[in-house]
């Protein structure tokens, strides 16, 4: 598309100031084989535990295939007999108490307490991983018990409680998995978690010694159980809730945002230089409260002037944001149906490519949007930064002076969006900035090319409501009639109500106590019947049924396992 | 549609996990066969023997289950072991076989036993509208209880099944089996002077 002139308003063309000059250095292509700026990895200990669990499975297969279990039985029995030689009445009482942690009631308390705490803290991702780990560990442990069919130890008196076959030791497997899951879901990374690991080691050692003393399990049952019990939650939590993406914190703050200090911060600086030739001097989160779909960054860079510095804006997208986008769109499809003719993104690369493309499109259309500067790869297929111009010194429209010139610019932006066949779809005060009498439209992640007419109409109504927040409905309506027909404005307000407005806009309208929507309707010479939001399609029906079915199953699983995980 | 397919797949997976997790996770799903292979009784029978170390006999499944009957599962724990048989006519867990160290036989009638070395007692609790009753086999160091809770019209089949299918293995045979399988290095039970 050829670049269009700046948006013309009823009060003249809105001049768009040039962005500050940036100092650029020679870019560098990453050679084949060189790791990306932030390689994805499972920590060494995670690999070790996964290898150990693979070793356990291989050992089971070898023993089963060669029929050599009796050799292990003999060795195990001699160890247990040595423990049994030490038995005295007080020691036995102590061992029975020490083994209490592996009893069904203790495991049950651990299970319910964790679920309750995670629900209260609303740490849903950790909760789902916790729940998944419990299901997998119990199901796999149970499967292996029935596959291996190893009786309890021979030639020694068994004391205390036991149930079922012994390999792997299910109480040890489940207890270990639950303790490790607790550690990764509730204890912040760092020194506290390291201390927690040693506490878990001590608790498991005491429990294992108790079970050996009482001859409830063979030593090899305990080793196999502990290895599985560590490996499964460790792999699950490290892969699905990595610390740098989903840190366990007890301070306030949005957990969806990524930590940009440490290795990630260094990687961003290095990637900006290599891939865009920008010399970054600082990377810091910016206006986190206004963004849930990405981690917004203000990046200090060397400017074109000697020894000068300026800023660029970065939006860090990760796999977690793609998942959020997917859930968000699923929710909207369930809520609105056919009118939301949109598809979720399936990778951060696609998401960032799309937003970059939309920014180019809007910029070429002469709209005042941040100029796109490029995409930076942090971790292939997982993390990217979209770099744009930083609108330095701009204020949200809710805090800015709004006069007729600004009103005209806002309305002209919508007019131009209509002309080029686009919709922004998230027009709210946080996404409309004003600087020196120029309005900027930001956050184009939800923008759509060739949207439904309904979506375009909603954009107009939302823009008029945003503008009226700082002025009044009558003034905005009067200016709007210079660019839109009564029919178009009537359509906009017929299409917009309740959930079709961004939540920030709804909250501000409620705060002000003015029913601006009703005021606009009163100003209209006539009203159109409200556009029905609820439209049904086969896709929506299938998705609704599948979602309800999944929710029902999840509830059944929860109820079933709340009773007793062991 | 991809989201719908994913949701459906997740639902099926969750359903599978639900099925896998339902009930006791230490439940044994293979029947405890009196003769699992040429080496002797199945592992489930040995585990039941470990549940009640004093029992001189251990119950097992001695013959193939007739059409319409299925093995439910076995739970063996310290002090007791039990397994259930399901019937498509008499209902789930229609027959329960339980091994304990002792049992109360008051209110029962002793009848001639069909197993050597055991005394047999019978108690019929109800015959209408469905049959409920208990059969006891009392022997040295243990008691084998067979409980019937039959939803079908004809209790005769289930009662006969208990006699034909539910067998017993002598503990001495199991001891011999463990001794041989370990190359003479291990015994099922700790001997005199053993820990």
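The values are calculated or read from the model by the stated rules, or taken from the named source; none is laboratory data. As the structure is a computational prediction, the values presented were derived from the model and not from experiment. Note that each Cβ is placed from the backbone with ideal geometry, even for glycine, and that neighbours are counted across all protein chains shown.
The single condition among (1) closer than 19 Å to residue A:444 by Cα; (2) not in a helix (DSSP H, G or I) that residue A:355 does not meet is (2).
Does residue A:547 count as at pLDDT below 90 and farther than 30 Å from residue A:129 by Cα?
On the way: at pLDDT below 90: yes; farther than 30 Å from residue A:129 by Cα: no.
It is false that residue A:547 is at pLDDT below 90 and farther than 30 Å from residue A:129 by Cα.
With A:230, A:187 as the choices, which residue is surrounded by fewer than 24 Cβ atoms within 10 Å (Cβ to Cβ), touching a helix residue (DSSP H, G or I) at 6+ places or on another chain (Cβ under 6 Å), touching a residue at least 60 places away in the same chain (Cβ under 8 Å) and more than 14 Å from chain B (Cβ to nearest Cβ)? One residue alone meets the criteria, A:187.
Going by the structure shown, is residue A:121 more than 14 Å from chain B (Cβ to nearest Cβ) and buried (at least 17 other Cβ atoms within 10 Å of the Cβ)? Spell out the reasoning first.
Working: more than 14 Å from chain B (Cβ to nearest Cβ): yes; buried (at least 17 other Cβ atoms within 10 Å of the Cβ): no.
It is false that residue A:121 is more than 14 Å from chain B (Cβ to nearest Cβ) and buried (at least 17 other Cβ atoms within 10 Å of the Cβ).
Conditions (1) more than 23 Å from the chain's Cα centre (by Cα); (2) under 20 Å from residue A:476 (Cβ atoms); (3) in contact (Cβ under 8 Å) with a residue 24 or more places away in the chain, marked per residue:
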{"site": "A:347", "(1), (2), (3)": "no, no, yes"}
{"site": "A:371", "(1), (2), (3)": "yes, no, yes"}
{"site": "A:383", "(1), (2), (3)": "no, no, yes"}
{"site": "A:386", "(1), (2), (3)": "no, no, yes"}
{"site": "A:390", "(1), (2), (3)": "yes, no, yes"}
{"site": "A:398", "(1), (2), (3)": "yes, yes, yes"}
{"site": "A:417", "(1), (2), (3)": "yes, yes, yes"}
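Every test in (1) within 19 Å of the chain's Cα centre (by Cα); (2) farther than 19 Å from residue B:69 by Cα is passed by residue B:129 save one, and that test is (1). Residues to consider are B:66, B:59; find the one that is part of a strand (DSSP E or B) and either away from chain A (no Cβ under 12 Å) or closer than 20 Å to residue B:117 by Cβ (or both). Within the list B:66, B:59, the selection yields B:59. Among the conditions (1) within 17 Å of residue A:447 (Cα to Cα); (2) touching a strand residue (DSSP E or B) at 6+ places or on another chain (Cβ under 9 Å); (3) at pLDDT below 90, the only one that residue A:326 does not satisfy is (2).
The residue of the range A:435-451 that is nearest to the chain's Cα centre (by Cα), among those that are buried (at least 23 other Cβ atoms within 10 Å of the Cβ) and not in a loop (DSSP other than H, G, I, E, B), is A:441.
Can you say whether residue B:87 is modelled with pLDDT under 90 and either away from every other protein chain (no Cβ under 11 Å) or over 16 Å from residue B:147 (Cα atoms) (or both), as far as the supplied structure shows?
Numbers: modelled with pLDDT under 90: yes; either away from every other protein chain (no Cβ under 11 Å) or over 16 Å from residue B:147 (Cα atoms) (or both): yes.
So residue B:87 fits the description; yes.
Identify the residue in the range A:333-345 that is more than 12 Å from every other protein chain (Cβ to nearest Cβ) and either part of a strand (DSSP E or B) or modelled with pLDDT of 75 or more (or both) and, among all such residues, is surrounded by the most Cβ atoms within 10 Å (Cβ to Cβ). Spell out how you get there, then give the answer.
Applying the first criterion (more than 12 Å from every other protein chain (Cβ to nearest Cβ)) to the range A:333-345 yields A:335-341.
With the extra rule that they be either part of a strand (DSSP E or B) or modelled with pLDDT of 75 or more (or both), the set shrinks to A:335, A:337.
Working: A:335: 14, A:337: 20.
Here the answer is A:337.
In the range A:141-173, the qualifying residues are those that are in a helix (DSSP H, G or I) and facing another protein chain (nearest Cβ under 8 Å), and the one that is modelled with the highest pLDDT is A:170. For the range A:127-140, a residue qualifies if it is touching a residue at least 60 places away in the same chain (Cβ under 8 Å), surrounded by fewer than 24 Cβ atoms within 10 Å (Cβ to Cβ) and away from chain B (no Cβ under 11 Å), and exactly one does: A:129.
Does residue A:101 fit the bill of being modelled with pLDDT of 90 or more, buried (at least 16 other Cβ atoms within 10 Å of the Cβ) and farther than 24 Å from residue A:239 by Cα?
Working: modelled with pLDDT of 90 or more: yes; buried (at least 16 other Cβ atoms within 10 Å of the Cβ): yes; farther than 24 Å from residue A:239 by Cα: yes.
So residue A:101 fits the description; yes.
Among the conditions (1) crowded, with 22+ Cβ neighbours inside 10 Å; (2) over 32 Å from the mean Cα position of the chain (by Cα); (3) closer than 18 Å to residue A:491 by Cα, residue A:457 misses just one, which is (2).
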